[in-house]
Amino acid sequence: MSNRSWRDVAGAWLGIGTAPTGLLLGAGLAARHGGPIPLFSLCAGLACVFAMLWFQGHLGLQPPLGDGGNLTQIAPRYFNAVMQKLLGALIALGMTGWFGLNVAMGGAALGALLRQPQWLAALAMGIPIFVLSLRGMTSWNALAALTTICVLVLSALIVARYGAATLPFAASVAPPLPTLNDVAALMGFVAVFSVRAPDFTVGLTSRRDLAIVGLLLCLPLLLTILAGASLEQGTGSADLVNVLAGANGLAIGNLLITLAMIAPTFTTLYSGAPALRAAVGWSESSGMFVMTIVGLALALVRLDLWFLPWLSLLAAVLPPVLVPLAVESVRRRAGCAPRVLPARLWLIGALAATAFTLVRAPVAVLVGMGAAGIATGIWYWKTTGE
């Protein structure tokens, strides 16, 4: 991989940071608090998001800072064969879910705009994206620029037309459990992308580049969340599409949502198909086909209406794998002998977090990452004495 700068990969990071689903996240958080989002929750959540991206993104940097490869190339250096397949399957499932969620929201917006059934509009959006992906649609920066412009205009329209007169955030600290819920939602929002961060840092040559692309995701995401919170406070609804399609709605708003969902949806196929190949050996074209079929089914049942529970599940399952990866990558950069990580280090954390998530415990994500950290420490202690 030749050397690249942050400008070469900015598109993918902006595409996540400015995705219209960030508006849903902000509206959901505001509804959960019954008003402005506590500023501490936002700061703590975004700090955790940046840390996830920082440690995982390091793997893609050019040596000696990182391993200089994408996740598919790096995984065999860190994981045994079982863990490689499990990780590939999880990422593919996560990206398929995001494909379904993006197409559900984009299809709902397109259907409202054209006064057509949501299922028909979802198919009209998802199938062309699949076809173009098969043909090698790779103009990420151009697509991300379109997404960024659309979301910025959409956010400004929402705040001007529907936003509450009060600020969408409060300079306060929520009780510990609601704060942990907020942090988990933010971590879940970037969980799949963070694991695949090396795909979008490969070739970068400095930590400065890594810091810039991390901020290109976090700062726009903050603004998008606040716009969504303002919408919920001003209308009492987190259903962005129906608000825009109402009697006093803005037709151009749903057009902007439709256009803004295009780049993130391409990204799901771009990252999900290689992961599926690593998991079951399918070709990327076959993987895209399966992801599209399953994703369209999820879009037709409106996965976007279960947005926060979906994020909570992602936050439980995927982030624990980042703990042993971060520890091992730091060890290697410090000159320690490489070790291959067993699947149980992730599995212990993921099962613990999932169990707590199923009983709706706000500490689920911390329990999962803590359990993965303890398991990792014990494993190193027993196998290397370090």
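Read-outs throughout are calculated quantities, based only on the coordinates presented, and are distinct from any laboratory measurement. As the structure is a computational prediction, the values presented were derived from the model and not from experiment. Glycine also receives a Cβ, built like all others from the backbone with ideal geometry; neighbour counts cover every protein chain displayed.
Modelled label positions at ALA334 and LEU134, each set 7 Å beyond Cα in the direction of Cβ, lie 5.0 nm from each other.
The Rg/Rh ratio of the range 42-101, with both radii computed over alpha carbons and Rh defined as the Kirkwood radius, is 1.05. Peptides 265-277, 326-338, 366-378, ordered by how many other C-beta atoms sit within 10 Å of their residues on average, highest first, read 265-277, 366-378, 326-338. For the chain, the relative contact order is 33 percent, taking Cα pairs closer than 8 Å that sit 6 or more residues apart in sequence and dividing their mean separation by the residue count. Looking at the square roots a ≥ b ≥ c of the eigenvalues of the Cα gyration tensor of the range 146-274, which shape do they give, rounded for a/c under 1.5, prolate if a/b is larger than b/c, or oblate? Cα axes put the range 146-274 in the oblate bin. Could you state the angle between the C-alpha long axis of helix 307-317 and the longest principal axis of the C-alpha atoms of the chain, as a value from 0 to 90 degrees rounded to the nearest 10? Once rounded, one gets 0 degrees. On the beta carbon distance between ALA211 and ALA145, with R0 = 30 Å, the FRET formula returns roughly 0.90.
Taking only Cα atoms, what is the 0 to 90° angle, nearest 10, from helix 322-333's long axis to the longest principal axis of the chain? Value to nearest ten degrees: 50. The C-alpha atoms of the chain define a longest principal axis, and helix 364-383 lies at about 10 degrees to it. Fully extending the segment from LEU305 to VAL82, taken as 0.36 nm per residue of separation minus the present Cα-Cα distance, adds 76.9 nm. The residues LYS382, LYS85, when put in order of fewest to most other Cβ atoms within 10 Å, stand as LYS382, LYS85.
Between ARG161 and ASN242, the contour length at 0.36 nm per residue exceeds the alpha carbon distance by 27.7 nm.
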